[in-house]
Amino acid sequence: MFLNGKRALVTGSTSGIGLAIARALSAEGAQVVLSGFGEQAAIRALTEELKAIHIPADLSQRAGVEALMAGAGPVDILVNNAGIQHVSPVEDFPVEQWDKIIALNLTAAFDASRLAIPHMKAQKWGRIINMASAHSLVASPFKSAYVSAKHGLAGFTKTLALELATFGVTANCISPGYVWTPLVENQIPDTMKTRGLTREQVINDVMLAGQPTKQFVQPSDIGELAVFLCRDAAAQMNGSNLSIDGGWTAG
Ligand code: NAD
């Protein structure tokens, strides 16, 4: 197990993609720090399953990110994954939702990275993996805050990559298309309302319409990609924006 002795913090890892990444890193021997919200019993089951610790900080607040990083201690692998979505036309977009999406999906990655980097630089090894999205490359209507945050995260990743390149630390982002997780399922009702569609129409005509394979990405696929980015074979992958979107952004 090539990640024995490595400590990995995955933000937003009580659900969906983050949980799949935490499981994949743990399966390779990493000691995992879980973050995010959920039912106490479910989180207890996860900490037992992965022999992990869990820190439930609100990462849409700078103080929450600082508390998480202090609690996690020095980490060798940082996966900035926590994120939320809101679907609304720009002129009706609730300003609090805009602020929260930028704070969680973009600013938290900056704060976690700036606090993780000194240890990584000092030991001359580290991996920063940012969970971007196909929406870091292309836009969709009604997702202004999300698209803005994810484009920002892709740019931040490139900057990290340049700054850290000579320290054995890589920074890359992963850009999934639609992955079947609670985040996707929860946006179906709003999309039905905003576009006047049925549930089936939202799934087939909105979500999978632009995904040429007509299939959702599996969270475990992303877990495996994250593991690969931690390998020595990925040492020269730096500043990449890795699409895993069934061909969405190829079109
Ligand atoms: P999810 O809703 O299943 O999981 C989100 C995680 O973030 C949960 O653990 C949740 O508790 C945590 N979280 C939410 N708000 C938080 C806060 N304020 N502070 C700390 N943690 C918080 O979502 P997911 O689909 O697994 O998405 C994970 C990431 O992948 C997000 O950044 C998302 O934008 C990105 N992504 C998802 C898809 C998709 O189709 N599901 C596609 C592209 C990118």
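The values are calculated or read from the model by the stated rules, or taken from the named source; none is laboratory data. All figures in this text were calculated on a predicted structure; none of them were measured in a lab. All Cβ positions, even for glycine, are placed from backbone atoms using ideal geometry, and neighbour counts span all protein chains on display. Surface accessibility is based on the protein's heavy atoms, side chains included, excluding ligands, DNA and RNA. Shrake-Rupley method; radii C 1.70, N 1.55, O 1.52, S 1.80 Å.
Less than 5 angstrom separates the built amide H of W180 from those of V217, all sequence-distant by 5 or more or on a different chain.
Once backbone amide H atoms are built at 1.01 Å from N, S240 has C173 as its partners under 5 Å, excluding neighbours fewer than 5 places away on the same chain. A 1.4 Å probe run over the chain, with the rest of the protein chains in place, finds 45 Å² accessible per residue. Sites listed here are trypsin sites (Lys or Arg not before Pro) in the range 99-158 whose DSSP assignment is loop and whose Cβ has at most 12 other Cβ atoms within 10 Å: K124.
In this Cβ point-charge picture (+1 for Lys and Arg, -1 for Asp and Glu), the range 1-62 has a dipole of about 200 debye about its Cα centre.
The H on the amide N of V33, modeled in the peptide plane, is under 5 Å from the matching H of A8, L9, V10, each at least 5 residues off or on a different chain.
Taking all protein chains together, T157, T194 sort by accessible area into T194, T157, largest first [probe 1.4 Å].
The share of accessible area on the range 62-173 that comes from carbon and sulfur is 62 percent, using a 1.4 angstrom probe. Taken as entire DSSP H runs, the helices of the chain that both span 27 Å or more between Cα atoms along their own long axis and average -0.5 or more on the Kyte-Doolittle scale are 144-164.
Given +1 at the Cβ of Lys and Arg, -1 at the Cβ of Asp and Glu and no other charges, the dipole of the range 179-251 around its Cα centre is 180 debye to the nearest 20. Here the chain is treated as a sphere whose radius is the Kirkwood value from Cα pairs; by Stokes-Einstein at 25 °C and 0.890 mPa s it diffuses with a coefficient of 135 µm²/s.
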